[in-house]
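Heads up, the thing below is written out as structure tokens.
The values are calculated or read from the model by the stated rules, or taken from the named source; none is laboratory data. These figures come from a predicted structure and were not determined experimentally. Positions of Cβ are backbone-derived with ideal geometry, glycine not excepted, and every protein chain shown enters the neighbour counts.
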Amino acid sequence: MTTHVASPHSAFDSGGRPGGPVRSVIRLHRGGLWVWVGYLAVTAGVLLWLYGPGGSAAEQDSIYCSHHQCYDFGAIGAYKDMLIVVDVLIRAVAFLAPAYVAALLVGRELQHGTHRLAWTQGVSPARWLAARLAVPAVAVTVGTGVLVALFHLVRSAEFGVGNWGFFDSNVYYDGGLLAFVYPLLGVALGALAGLLLGRSVPAALVAVAAMAAVQLLMQALRFKLLPTETRTSSGTYDVPSGAELQGVDEANVHHITAHFHPASHVWPLQFIESGIVLAAAALAVAGTFQLLRNRAG
């Protein structure tokens with residue numbers, strides 16, 4: 001009788017079965033997934049505080065301040081501070097995703113050579129890479145969906161505190177499609193950097209730098225993706241409520257032209273920018289698979 005001794009690398013043993021590489025990634029990185037769950041729990045907790053006791057207290061102070069001279073008084077200041085915290089936490093996902101994928105999901109395995117073990121145990125290089133793209137992509141999409149839903153819940157409460165216009169930076173990003181697409185681009189950039197450099201720390205730094213460069217570029221182009229509307233008036237410029245002012249031409253006091261994006265441009269602008277970001281992500285993924293094919297022979 002032959003006794004089977006389990007391999008210390010049994011995480012790859014199910015690679016030949018459908019879903020094996022995905023289960024392997026989940027098993028090997030369950031610690032990272034739990035950290036992600038904790039991150040979501042903290043962010044969700046802050047959002048629920050804003051929706052509940054924090055928002056109620058800020059509303060009461062806002063009513064008081066409407067009859068007295070005060071600014072960011074007590075609970076109002078705390079509410080606005082927590083709005084900034086939420087904005088930072090949601091935006092940070094787009095940078096945490098490429099760092100994690102580049103350093104731990106791809107770069108470390110190439111650096112230590114453990115990827116070859118998987119490839120010799122029935123997992124093709126393409127399936128190995130696909131699993132390392134799919135797991136973080138699903139994780140950040142589902143998690144971000146929860147946060148965006150809670151953000152809209154807070155926005156709907158209408159406590160009368162904070163900036164909640166369509167074009168305010170926190171609403172435009174945290175409550176829109178951008179909160180989803182940039183983390184997905186981050187996953188793609190992380191995989192590309194990890195495979196290209198094959199070392200954890202350099203790959204993470206390059207992936208994060210690439211994400212920063214893309215975001216800076218898109219911020220510069222964001223409101224140029226659609227032509228602005230104009231309105232000419234005398235004495236002062238006049239734009240509709242909720243519009244994003246882009247510029248004012250003052251030929252004389254009787255002829256002042258304002259250039260702006262009306263509130264109706266919010267979603268078209270979001271869709272165009274999201275399409276560009278997803279196209280960049282698709283190119284990064286295609287480049288990563290091509291690089292993998294070249295290296296795997």
Take GLY54 and decide whether it is surrounded by 15 or more Cβ atoms within 10 Å (Cβ to Cβ) and modelled with pLDDT under 75. no
Candidates TYR100, TYR79, TYR64 - the one that is free of Cβ contacts under 8 Å to residues at least 40 places away in the same chain, within 28 Å of ASN170 (Cα to Cα) and hydroxyl-bearing (Ser, Thr, Tyr): TYR64
Contact list please: Cβ distance under 7 Å, first residue in segment 183-206 and surrounded by fewer than 20 Cβ atoms within 10 Å (Cβ to Cβ), second residue among the polar types (S, T, N, Q) and at pLDDT below 95, pairs at least six apart or on different chains. GLY198/GLN111; ARG199/GLN111
Segment 59-71, subset surrounded by 12 or more Cβ atoms within 10 Å (Cβ to Cβ) and either in a helix (DSSP H, G or I) or under 29 Å from the mean Cα position of the chain (by Cα) (or both), residue modelled with the lowest pLDDT: CYS65
